[in-house]
Amino acid sequence: MRNRLLPLLAAVACLSGTVLGQSSAIAVVDLEELVRLHPNTTSDKKLLEQTLKEFTAQKEQLQSRFETARKAFEETVREVQNPALSDKAKKKAEDEAMTRRTAAVDAERELTETVRSLQRQLTEQEVRMLKRTTAEIEKAVAAYAKAKQLDLVLQLPGEKMGAVSGVLYAAPPMNITTNIMKLMGIRPEAAAETPPQQTEPEP
C-alpha cells in the first residue's frame, strides 16, 4: 500500500511546485543496494547462517528420532503378522505395536511443530535485522534530504524490496545513492566489489 502511494505523492509534490511557481526538489535512492552494502548486512548474514546451522542440527536430531520410532513400530507390526505367534504372544505384540505407534506419532508431531517454529524464528530474526538496517538508512536519507532541501526522495525499483516503487525512470543526477553511501561511511566502489548475497534456505 505504501509503495502504491508513492506515484501519487510524487504527482502531488510536482503539482504543488507548479502552482507555486517553483519546481520541487525530488531525488531517488537505491534502498536495496544500500542495504546490501551496509556494514550490518555482512554481520547479520553470518549470524543468520549460524542460527540456520543450529536449527538444522536440531531438526536432524528430531528427524532421526522420528525415523527410529517409525522403524520400531514397523518391526512390531511385522511381528504381529507372524502366524507362528500364540494368542498370548500376539496380544503382547499388538500392545507393543500400539505403544510404538504412539511414540512414532508423537515424534512426528514434535518434528513438524519444531520445524515450523524454527522457520518462524529465523524469518522473524531476519525481519528484525532488516528493519534495523533500513531504519538507519532512512535516517541518513532524511538528514541528507534536509541538508540539500529535497522535498521528496523516492525508492528505486529492485528485485526484493522495491519491486513496485512507482519510479519508471529517473535521470542519473537525481540518484543520490552514492551520496548516502558516503554519508554512512560506505565506499561507493564497494558496489562493484561486493556481489549480491544469496538468500539462505530455511530449515
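With neighbour counts taken as other beta-carbon atoms within 10 Å, the residues MET181, MET98 rank, fewest first, as MET98, MET181. With a Förster radius of 22 Å, plug the Cβ-Cβ distance of LEU48 and ARG116 into 1/(1 + (r/R0)^6) and report the FRET value to the nearest 0.05. That gives a FRET efficiency of 0.75. For VAL28, the residues 5 or more places off, or on other chains, whose built amide H falls under 5 Å of its own are LEU154, ASN175, ILE176. Computed from backbone phi, the HN-Hα couplings of the stretch 114-131 come to 5, 4, 4, 5, 5, 4, 5, 4, 5, 5, 5, 5, 5, 5, 4, 5, 5, 4 Hz, rounded to whole numbers (Karplus: 6.51 cos²θ - 1.76 cosθ + 1.60, θ = phi - 60°; Gly and Pro given as x). In order along the stretch 31-43, the Karplus-derived 3J(HN,Hα) couplings, from 6.51 cos²θ - 1.76 cosθ + 1.60 at θ = phi - 60°, round to 5, 4, 5, 5, 5, 4, 9, 5, x, 4, 4, 5, 5 Hz, and Gly and Pro are given as x. Taking amide hydrogens as modeled 1.01 Å from N in the peptide plane, which residues meet the under 5 Å criterion relative to GLY158, leaving out close sequence neighbours? Excluding prolines and chain starts, which carry no amide H, the hits are ALA163, VAL164.
A short reminder: the numbers here are calculations on the coordinates, not readings from a lab. Values in this document were obtained by computation on a predicted structure and should not be read as measured data. Glycine gets a Cβ as well: all are built from the backbone with ideal geometry, and neighbour counts include every protein chain shown.
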